[in-house]
Amino acid sequence: QVQLVESGGGLVQAGGSLRLSCAASGRTFSTYAMYWFRQAPGKEREFVVSISWSGGRTSYADSVKGRFTISRDNAKNTLYLQMNSLKPEDTAVYYCAAKWGPYRDYDQNGMDYWGKGTLVTVSS
């Protein structure tokens, strides 16, 4: 069992930065691929970025490539999302998710665990 708790969301101006964290409970965090998804108001939840269990491989949605960076610290059971050059269209609730399996399987129905999300609001 893995419990995920996101933090770090908030209000930021366009062009600014935020760093999200996802703290995981349990001793098996390092065996899961980790994902960030987001859901903007009135839209479906979408894939943002993922990272392999070791942290050595990542995959980004085109909309965030070059602006967002995912990382993980398996010793601290924590996943991070550094978000730079934020845009109003990045406004969303951001969710972390854990998957026992590959880091490039973007099917949300295949995620094993989800956090409750943290709200990011980017003002113009």
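The values are calculated or read from the model by the stated rules, or taken from the named source; none is laboratory data. Keep in mind that what you see is a predicted model, and the values were worked out from it rather than measured. Every residue, glycine among them, receives a Cβ derived from its backbone with ideal geometry; neighbour counts consider all protein chains shown. Just the protein is used for accessible areas: all its heavy atoms, side chains included, with ligands, DNA and RNA removed. Shrake-Rupley method; radii C 1.70, N 1.55, O 1.52, S 1.80 Å.
From (1) over 17 Å from THR118 (Cα atoms); (2) surrounded by 19 or more Cβ atoms within 10 Å (Cβ to Cβ), pick out the condition that doesn't hold for TRP100.
(2)
Note down all Cβ pairs under 7 Å where the first residue falls in the stretch 79-92 and is under 30 Å from THR31 (Cα atoms) and free of Cβ contacts under 8 Å to residues at least 12 places away in the same chain, the second is part of a helix (DSSP H, G or I) and not β-branched (Val, Ile, Thr), and they're at least six residues apart or on different chains.
Pairs that qualify, where the first residue is under 30 Å from THR31 (Cα atoms) and free of Cβ contacts under 8 Å to residues at least 12 places away in the same chain and the partner is part of a helix (DSSP H, G or I) and not β-branched (Val, Ile, Thr): there are none.
Scan the stretch 43-57 residue by residue and report those that are open to solvent by less than 60 Å² (accessible area, probe 1.4 Å) and among the polar types (S, T, N, Q).
Matches in the stretch 43-57: SER50, SER52.
From the set of residues in the stretch 16-42 that are more than 13 Å from ASN74 (Cβ to Cβ), part of a loop (DSSP other than H, G, I, E, B) and touching a strand residue (DSSP E or B) at 6+ places or on another chain (Cβ under 9 Å), which is most open to solvent (accessible area, probe 1.4 Å)?
The selected residue is PRO41.
Looking only at the stretch 48-78, count every residue that is outside any loop (DSSP other than H, G, I, E, B) and either out of contact with any Lys or Arg (no Cβ under 8 Å at 6 or more places or on another chain) or touching a residue at least 60 places away in the same chain (Cβ under 8 Å) (or both) and tell me the total. Full working, then the answer.
Of the residues in the stretch 48-78, the ones outside any loop (DSSP other than H, G, I, E, B) are 48-51, 58-60, 68-73, 78.
Keeping just the survivors that are either out of contact with any Lys or Arg (no Cβ under 8 Å at 6 or more places or on another chain) or touching a residue at least 60 places away in the same chain (Cβ under 8 Å) (or both) gives 49, 58, 60, 68-73.
Final tally of qualifying residues: 9.
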